[in-house]
Structure formats: structure tokens, C-alpha cells
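Undergrad: Before anything else, here's the structure in question.
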């Protein structure tokens, strides 16, 4: 086993895991660091790596939001079978997640089938531009507090947040950033926007993982390669877990300005030097 190769995979797992929940675009950062540490001697399938590390992040998010997920399932099926009022709030919230998922789910299929962003996905300077766009939108909503609780989210609010998630299909646009911005524009409280954003991440991430299974089955990885990819996946899950908890506190305390500054600097450096 090549220890240096293993460290590269672990590093990319860290990049995916740490940047997945925060509003800086994990896919964009993977592309940036692909350029920085790539080379003829580093033969990695970045599509497969993204699929597996995304799964690691998905597991971490499911662990963090396990109570919410259980309540949604109980409420959804409990209300369908019993019509009891105690299940109604979670039943309704589950439908809000479904409504918000539809736009990105539909457009994701269209984008994939037509290959709309194939060239952009390899354009690192475009990632630099989208980081600047992310900085702008985070700056515009940095001081918003919102007033809406979970039971006050309307289906119109959910649909608009879902449309913001469509924007995140562009390479370099953060999904969490887009949906939190969407939630804040709909006057959701900061913590409510945060929770909705990450519960909305789960169905999209599950779909991404399922679509990547065929690539995994075709990969014919040897034992050494499996160790590399699984190491990256585990590292991604661990850092997603802690980065999400850290990001939750920053959102609650209105500290999005940190990410404005980071995205501005990272975007400019990427455009100028890569």
C-alpha cells in the first residue's frame, strides 16, 4: 500500500466531509483540490470518490437528525393510518420536504440526461465565480433573523426553497448555502431554516448515492483501492458530523459573515491562480 496515496484520499475525504454541510460547495472544493494535488501518479475516479464520500456525509447527517427523521416517519405513516391529530404536524412537515425536493429532483434528471453542465464541472475558474456568487447571497441575508416556526412554513415557502436548491445544481454553488438563503428569504427563523435545509439534503443525497451505485459496481476496485476509497468515506462522515454541529451554532448566532469572507477570498484566489 502506498502511504502517500492513502493520505491523499484521506485528505480529499476531509475536504468533502468538512465542506459538505457548510455553505462553500463540497463539489467545488473537490475540483479545486483535484487541481492542486492531482497528477499523473494520482489515479483517482473523482466521480466514484464523490459518490462514496457523499454517502459518508449522508450517514453523518442521518445520525445528527435521527430524531427528526424518526418523528417524520412516525407522523407521516401514523397520520395516514390513524388520522390522529398528534401526528398531523409531522405529516405536514414531511409533505413540505417532498414539495421542496421536487424541483431539484426533476432538474437533476434533466441536467444529467442532457449533460448541461458537463463542461462546467471541469472548469475550476467557474467554481471561483460561483464562490463569489455564494459570498454575495450570504452577505445579503447575513443579518436576517426570520420569525417563522416549523408549523408556519407554507407549501409556497417550501417550493421556493426547493427552487433555490435547483441553483445548487450549478458546479460550485453550495446546496446548504442555497437552501438556507432560500429559507431566510421566506422569513424562517435561523434554526428553522437550518433544520429544513439539512432534512431536505437527505432525499437528494439518497438519490445521488443510488444513481452512483452503477458506477460503483462497474469500478472493479482491487483491495488496495477499496481501502483508499473507504478511508476517504469514513473520514468524510466523521468531519461532516462535527462540521454540521459547528455550522449549526454559527447559523444560530448569525455568524454567516465568516463564510462571506471565506468564499470571497477563495473565489478570487481560484480565479486568479487556477
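What follows draws every value from the coordinates through simple rules; no lab data is involved. Since the model is a prediction, treat every value here as computed from it, not as a measurement. Cβ coordinates were reconstructed from backbone atoms using ideal geometry, including for glycine residues, and neighbour counts include every protein chain displayed.
Undergrad: To the nearest Å, what is the center-to-center distance of region 6-32 and region 218-274, using C-alpha atoms only?
TA: 4 Å
Undergrad: Contour minus end-to-end for residue 159 and residue 210, with contour as 0.36 nm per residue of separation and end-to-end as the Cα-Cα distance?
TA: Value of the extension gain: 16.0 nm.
Undergrad: May I pose another question? Angle between the Cα long axis of helix 155-167 and the longest principal axis of the chain, 0 to 90 degrees, nearest 10?
TA: 10 degrees
Undergrad: Could you tell me the calculated FRET efficiency between residue 11 and residue 143, based on Cβ-Cβ distance and R0 = 35 angstrom, to the nearest 0.05?
TA: That pair, residue 11 with residue 143, gives E of 0.50.
Undergrad: Measuring from label point to label point, each 7 Å out along Cα→Cβ, what is the residue 129 to residue 84 span in nm?
TA: 5.5 nm
Undergrad: Here's something else I'd like to know. What distance in nm separates the two pseudo spin-label positions at residue 151 and residue 37, each 7 Å out from Cα along the beta-carbon direction?
TA: 4.8 nm
Undergrad: Ok, one more. At q = 0.08, 0.10 Å⁻¹, work out log10 I(q)/I(0) for the chain with the Debye formula, treating every Cα as an identical point scatterer and leaving solvent out; two decimals please.
TA: -0.33, -0.51
Undergrad: Also, I was wondering about something else. Fewest first, what order do 68, 215 take by the number of other Cβ atoms within 10 Å?
TA: Sorted ascending by nearby Cβ count, the order is 215, 68.
Undergrad: Label residue 187 and residue 116 with points 7 Å out from Cα along Cα→Cβ: what is the distance between them in nm?
TA: Taking the simple label geometry, residue 187 and residue 116 are separated by 3.1 nm.
Undergrad: Something else now. Only helical DSSP H runs with n ≥ 4 go in: add -39500 (n - 2.57) per run for the chain, normalise by residue count and round the 222 nm mean residue ellipticity to 500 deg cm²/dmol.
TA: Taking each H run of at least 4 residues, the total per residue is -26000 deg cm²/dmol.
Undergrad: Find the eigenvalues of the gyration tensor of the Cα atoms of region 170-257, then list the square roots of 5 times those eigenvalues as equivalent ellipsoid semi-axes, largest first, in whole angstrom.
TA: Sorted largest first and rounded, they come to 32, 16, 10 Å.
Undergrad: Follow-up question, since we're still on this one. Taking the chain as a Gaussian network, where each spring joins two C-alpha atoms under 10 Å apart, which residue of 20, 121, 224 fluctuates the most?
TA: 224
Undergrad: Quick check: the angle from helix 190-218's long axis to the longest principal axis of the chain, C-alpha only, nearest 10 degrees?
TA: Taking the Cα atoms of the chain, the angle to 190-218 is about 50 degrees.
Undergrad: Determine the relative contact order of region 3-273: mean sequence separation of Cα pairs under 8 Å and six or more apart, normalised by residue count, in whole percent.
TA: Result for region 3-273 is 38 percent.
Undergrad: Cα axis of helix 46-64 to longest principal axis of the chain: angle in degrees, 0 to 90, nearest 10?
TA: That works out to roughly 40 degrees.
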